[in-house]
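The values are calculated or read from the model by the stated rules, or taken from the named source; none is laboratory data. Source: prediction; values computed, not measured. Here the Cβ positions follow ideal geometry from the backbone for every residue, glycine too, while neighbour counts run over all protein chains shown. For the accessible areas, the whole protein counts, side chains as well, though only heavy atoms, and no ligand, DNA or RNA atoms are used. Shrake-Rupley method; radii C 1.70, N 1.55, O 1.52, S 1.80 Å.
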Amino acid sequence: MPHPHPRPRRGRDPENPGPEKLVEAARASGVTDERLLRALGATPREAFVPATGKASAYADVPIPLAHDQVTTQPSLVAMMVAALGLTGEEHVLEVGSGLGFQTALLARLAAYVVGVERWADLAERARANLAGQGIRNAEIVVGDGTRGAADRAPFDAIVVCAAFPEVPPPLAAQLRVGGRLVQPIGPGGQEWVELYERTDRGLARRRTVVLAHFVRLFGEYGYSPTGRSPTAWFEDTG
């Protein structure tokens with residue numbers, strides 16, 4: 001399926017920056033993948049943020065969403081996506097789609113993207129945003145991201161956009177051998193974003209991508225929305 005590659009805007013007022021500012025921020029963060037940087041420059045973040053956040057669309061900052069959620073900082077998105085090492089042929093799972101900005105970026109770098117979003121209203125907006133950009137090789141489903149998308153598995157790459165102290169077992173099971181998974185590992189608030197690779201024996205940690213701050217990952221294999229921990233591990237460590 002062809003990937004949309006709209007031309008970057010030209011002649012923009014320097015006082016009203018565009019995607020090129022996010023490309024600069026990604027480069028400054030150490031991202032060197034030119035294919036990824038071109039995709040970032042072709043993805044208008046202003047089309048994927050709430051109306052109240054449009055003035056900050058091209059600042060390298062998170063933007064608040066409904067339900068006490070926030071977008072991921074663009075340079076952090078770029079670092080996490082870069083760690084997946086996408087070549088264009090992958091089937092990708094995204095856990096936590098928000099309003100679809102990262103989904104759009106992934107869709108320009110992979111063959112197909114399945115995004116799982118917990119909140120139905122955010123998922124509806126994300127679908128509309130992606131359609132508005134002509135992106136057809138991505139879909140957003142509403143559900144528990146910790147359970148993945150078993151009916152669409154296996155995946156070549158998985159990116160998780162919320163924090164938990166361990167990788168949910170269903171996500172590890174839905175990743176192909178040789179596939180990569182990126183997830184913030186921690187209690188929510190200060191995490192190590194870790195890169196894993198699926199081997200014949202299970203997940204193997206490859207490296208730390210960056211230290212960052214994320215909201216908590218809720219679901220059957222994450223934190224309980226009621227506030228009760230789903231695992232003895234969390235009970236033991238606080």
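In whole percent, and with a 1.4 Å probe on the protein chains, what portion of the accessible area of region 62-102 is carbon and sulfur? Exposed carbon and sulfur together represent 53 percent of the surface. The order of 151, 200 by accessible area, most exposed first and with a 1.4 Å probe, is 200, 151.
Database remark: amide H of residue 216 closer than 5 angstrom to the amide H of 163 (H placed geometrically; neighbours at sequence offset of 5 or more, or on other chains; Pro and chain starts carry no H). Taking 0.36 nm per residue of separation and subtracting the Cα-Cα distance, full extension of the segment from residue 173 to residue 208 would add 10.5 nm.
Expressed as a whole percent, the accessible surface of region 131-217 that belongs to carbon and sulfur atoms is 45, based on a 1.4 Å probe.
Among 182, 95, 31, the residue with the largest mean-square fluctuation in a Gaussian network model of the chain, with springs joining Cα atoms closer than 10 Å, is 31. Just checking the listed ones, 213, 91, 67: in the Gaussian network model of the chain with Cα springs under 10 Å, the one fluctuating most is 67. Using a Gaussian network model of the chain in which every pair of alpha carbons under 10 angstrom is joined by a spring, one finds that among 25, 111, 66 the greatest mean-square fluctuation is at 66. Simple point charges give the picture: +1 on the Cβ of Lys and Arg, -1 on the Cβ of Asp and Glu, and for the chain a dipole about the Cα centre of about 580 debye. For the pair region 191-205 / region 17-87, the C-alpha centres are spaced 24 Å from each other.
So if a site counts as exposed when it's one of the GluC sites (Glu not before Pro), its DSSP state isn't H, G, I, E or B, and it has at most 16 other Cβ atoms within 10 Å, what's the longest stretch of the chain without one?
Numbers: sites that count: 15, 89, 166, 220.
The longest uninterrupted stretch comes out as 90-165.
Once the Cβ-Cβ distance of residue 200 and residue 52 is raised to the sixth power relative to R0 = 41 Å, the FRET efficiency obtained is 0.25. When the alpha carbon gyration tensor of region 50-178 is reduced to an equivalent ellipsoid, its three semi-axes come out at 22, 16, 15 angstrom, largest first.
Skipping prolines and chain starts, which residues have an amide H placed within reach, meaning under 5 Å, of the one on residue 113, given they are 5 or more residues away or on another chain? It is 92, 138, 139, by chain and number. At a probe radius of 1.4 angstrom, the accessible area of region 116-238 per residue rounds to 50 square angstrom. Amide H contacts of residue 175: 155, each under 5 Å away and 5 or more positions distant or on a separate chain (H built 1.01 Å from N in the peptide plane; Pro and chain starts excluded).
Calculated mean residue ellipticity, 222 nm, the chain: -7000 deg cm²/dmol, from DSSP H runs (n ≥ 4) at -39500 (n - 2.57) each, averaged per residue and rounded to 500. Once each of the trypsin sites (Lys or Arg not before Pro) sitting in a DSSP loop with at most 15 other beta-carbon atoms within 10 Å is removed, the chain keeps 13-135 as its longest stretch.
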